[in-house]
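Student: Provided herewith is a single structure, encoded as structure tokens, for subsequent inquiry.
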Amino acid sequence: MTANANETGTAAGVYAPPAAASGSGEGTPVSLRNLTRAFGATKALDGMSLDIAPGELIALLGPSGCGKTTALRIVAGFEYADSGEVLVNGKDVSEVPASKRDMGMVFQSYSLFPNMSALDNVGFGLRMRKTAAAQRRRKAAELLEMVGLSAQAGQYPHQLSGGQQQRVALARALAIEPHVLLLDEPLSALDAKVRLQLREQIRTLQQRLGTTTIFVTHDQEEALSMADRVGVMRDGRLEQVADPSELYSRPATAFVAEFVGTMNRLPGELAGPGTVTVLGSSCAVIGPGGNGGAGSPPIEDSGPTSGPVDVLVRPEGLTVAPASGGNGIVSGRTFLGAVTRLAVLLSGDTEVRVDVPSATALAMAPGTSVQVGLPPAPVLVASREK
Amino acid sequence: MATLTSAAGQAISPDNSKKRRRPRERSSAWRWAILLVAGVYFLVPLYAALRFAGLSGFKDVFTTPGFGSSLWLSIRLAAVTWIVSMLLMIPTTVYVHLRMPGLRRLLEGVTILPIVIPPVVLIIGVLQVMPLALRASVWLLALEYVVLAMPFAYRALDAGLRAIDVKTLTEAAGSLGAGWLSTMWRVILPNMRTAVISATILIVALVLGEFTMASLDLKQTFPVWIVLFDQENAQISVAASIFALFVTWVFLMLITVIATRQSRRTGGGEVTLFTVAPQQTIGN
């Protein structure tokens, strides 16, 4: 769930890819510059800029309608930007048609050509590049082997399962040794278990080939577990681009804080410069005027500096213990494996979620009176909601 | 006529006598009853025609003057109509699906017009305004048939396109480096095969059986010849029409069987005349 430290920042040059199946070697830098795109009155993209390092896997994460798919389609060449440019290897590709951009794409819906076998699907891009038949077949077979589907080479898409189809689609996209690999929610049509396997497979393959990759998803778990960096989008803009662990622990805005992971909102009161009173104790504030962390990005530039605020705390950032006459009552209990998530109703009708070790949670059945506390660590604050 | 019979036979007969017991059995009995009534309705006139024509009618039909040339003309007209229709309708339907899905409804309305307007009106209007050179040519008729076949061709192609995800397939092909011609030829068309064949069947059946327009245009197509010759020798004329029915029927069956077999291989639907069964995709 949380960011996986060893998966961050190690994309380039992990492994020298086998010659025949190599991507573009060291990968290609991609830059989006100030992309704007409006559909009628709605702005799908509103000045989006992003620099992607060679070989990096960047996930664009956001709720539906945030513009992430539009951004991807502009990079692919299926959609145009009203203004701004896309630089691949430093060259603006805005005028280059999709078919000449050398970008491999995997789509959300099954996109294999139904009239071709898996092998022919994978070989299609090479065929368009006039590669000789024998070489084409050899390369396609190699790629199918890479995604573990050698046995299915002769089968047609309708004979393959959803997960297999997406793996063939991945092999097909990689067969042309693309500058950039574009993944448009490729896992969203699959069931949970297949999704998990394929997630790992895509990541491994991408690291091995060192192909610069843009991955669009609305599933934060997917984004956090696969990407070198995650860009959280909202209303056509990037709210924050950061590696997964930073995104989780140092969200730049309240939106990011609440979109990524679970976040509690607790009513608090700014007591002085950089201090907030919440749950009866005072905590340092991360953000404007706060002393919460060296070099941490300020939370919401125009954020509150005094008066009532909401304090944002993760479920694992709160403590809870049974106490008669405590400040809350357990209202729900969800077993998640190692930890159990308790829902606790505080006075003032605030409900918070608190993660505790499952063994400890046994003592706190719904209805138990508990004391919820906040360890004296720096917290994030946001304008009071409602 | 031939199309209707084969369509009815296809739609009603297959795989209805399955395993499950009561409700299924009763409905199955009903189906057979309806099939029987329909069958009698179609077969009795055929039988009567056969009786009337007799063996001698069939012996003489092939050597009767006008038989070969009129049949040949009808076949050529069918071919030209088919080519023009496909060249016109396939790019149109694909383009509308891809770029202007909002226009689909309008197009559906426009393409139905030839059914609403009687062929007599159509051909008389056309003959009024066409230059003499074109009026004298037999190919004017083919152009007319293109209009007449449009509702059927459009519907068949539209159904076929709806069964595939044209947009994603086009984009996938594009991202792999295919230009629009390769995309069309290698990706879209092969996956529309069932629809194209449905349209073909409809067009061929329509052209081989059309009488009004050909007659008013004074062209001796096969149906026109049958009617004309009927006044001379009814027996041979009837024999000719039965022969035509048989040939058309065999031809259509052949197309259907071949097309279904090919589309099964790639997971496409069964070929029927007005619909294309959507491709099944297995879940995960």
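The values are calculated or read from the model by the stated rules, or taken from the named source; none is laboratory data. Predicted, not measured: the structure shown is a model, and the values here were computed from it. Heads up, the Cβs are rebuilt from the backbone with ideal geometry, glycines too, and the neighbour counts pull from every protein chain shown.
Student: Spot the failing condition for B:ARG135; the list is (1) basic (Lys, Arg); (2) more than 26 Å from the chain's Cα centre (by Cα); (3) away from every other protein chain (no Cβ under 14 Å), and only one is missed.
Tutor: Unmet condition: (2).
Student: Next up: Do you know which residues across the stretch A:54-84 are among the small types (Gly, Ala, Ser) and part of a loop (DSSP other than H, G, I, E, B)?
Tutor: Passing the criteria: A:GLY55, A:GLY62, A:SER64, A:GLY65, A:GLY67, A:GLY77, A:ALA81.
Student: On to the next question. In the stretch B:167-187, what count of residues is obtained for those that are under 26 Å from the mean Cα position of the chain (by Cα) and surrounded by fewer than 23 Cβ atoms within 10 Å (Cβ to Cβ)?
Tutor: Residues that pass the stated criteria total 3.
Student: Further question on the same structure: If the Cβ limit is 6 Å and pairs must be 6+ apart or interchain, which residue in the stretch A:245-265 that is without any contact (Cβ under 8 Å) to a residue 60 or more places away in the chain pairs with which residue that is crowded, with 21+ Cβ neighbours inside 10 Å and β-branched (Val, Ile, Thr)?
Tutor: The qualifying pairs are A:VAL256/A:VAL232.
Student: Can you tell me which residue is surrounded by the most Cβ atoms within 10 Å (Cβ to Cβ) among those in the stretch A:139-162 that are in contact (Cβ under 8 Å) with a residue 60 or more places away in the chain and more than 14 Å from chain B (Cβ to nearest Cβ)? Can you show your working first?
Tutor: Kept after step one, since they are in contact (Cβ under 8 Å) with a residue 60 or more places away in the chain, are these residues of the stretch A:139-162: A:139, A:142-143, A:146.
Narrowing further to those that are more than 14 Å from chain B (Cβ to nearest Cβ): A:142, A:146.
On the way: A:GLU142: 16, A:MET146: 23.
Filtering first and then ranking leaves A:MET146.
Student: A further question on this structure: Out of A:LEU345, A:LEU312, I need the residue that is modelled with pLDDT of 90 or more and part of a strand (DSSP E or B). Which one?
Tutor: Values: A:LEU312 fails: modelled with pLDDT of 90 or more.
Answer to the check: A:LEU345.
Student: Condition first: outside any strand (DSSP E or B) and within 11 Å of another protein chain (Cβ to nearest Cβ). Now tell me which residues in the stretch A:182-195 satisfy that.
Tutor: If the condition is that a residue be outside any strand (DSSP E or B) and within 11 Å of another protein chain (Cβ to nearest Cβ), then A:LEU187, A:ALA189, A:LEU190, A:ASP191, A:ALA192, A:LYS193, A:VAL194, A:ARG195 are the ones that fit.
Student: Quick one: in the stretch B:188-216, of everything that is crowded, with 22+ Cβ neighbours inside 10 Å and not in a helix (DSSP H, G or I), which residue is nearest to the other protein chains (Cβ to nearest Cβ)?
Tutor: Restricting to residues being crowded, with 22+ Cβ neighbours inside 10 Å and not in a helix (DSSP H, G or I), the top hit is B:MET192.
Student: Here are B:ARG193, B:ARG186: which of them is modelled with pLDDT under 90 and either closer than 30 Å to A:VAL93 by Cα or in the same structural domain as B:LEU218 (by TED's automatic domain parsing) (or both)?
Tutor: B:ARG193
Student: Restricting to the stretch A:163-181, name every residue that is within 7 Å of another protein chain (Cβ to nearest Cβ) and within 21 Å of the chain's Cα centre (by Cα).
Tutor: A:GLY163
Student: Could you tell me whether the stretch A:111-128 includes any residue that is more than 7 Å from every other protein chain (Cβ to nearest Cβ), of a type in the set (Gly, Ala, Ser), over 30 Å from the mean Cα position of the chain (by Cα) and in a helix (DSSP H, G or I)?
Tutor: Yes - at least one qualifying residue is present in the stretch A:111-128.
Student: Provide a single number: the residues in the stretch A:72-124 that are crowded, with 20+ Cβ neighbours inside 10 Å, among the β-branched types (Val, Ile, Thr) and out of contact with any helix residue (DSSP H, G or I) (no Cβ under 7 Å at 6 or more places or on another chain).
Tutor: Result for the stretch A:72-124: 4.
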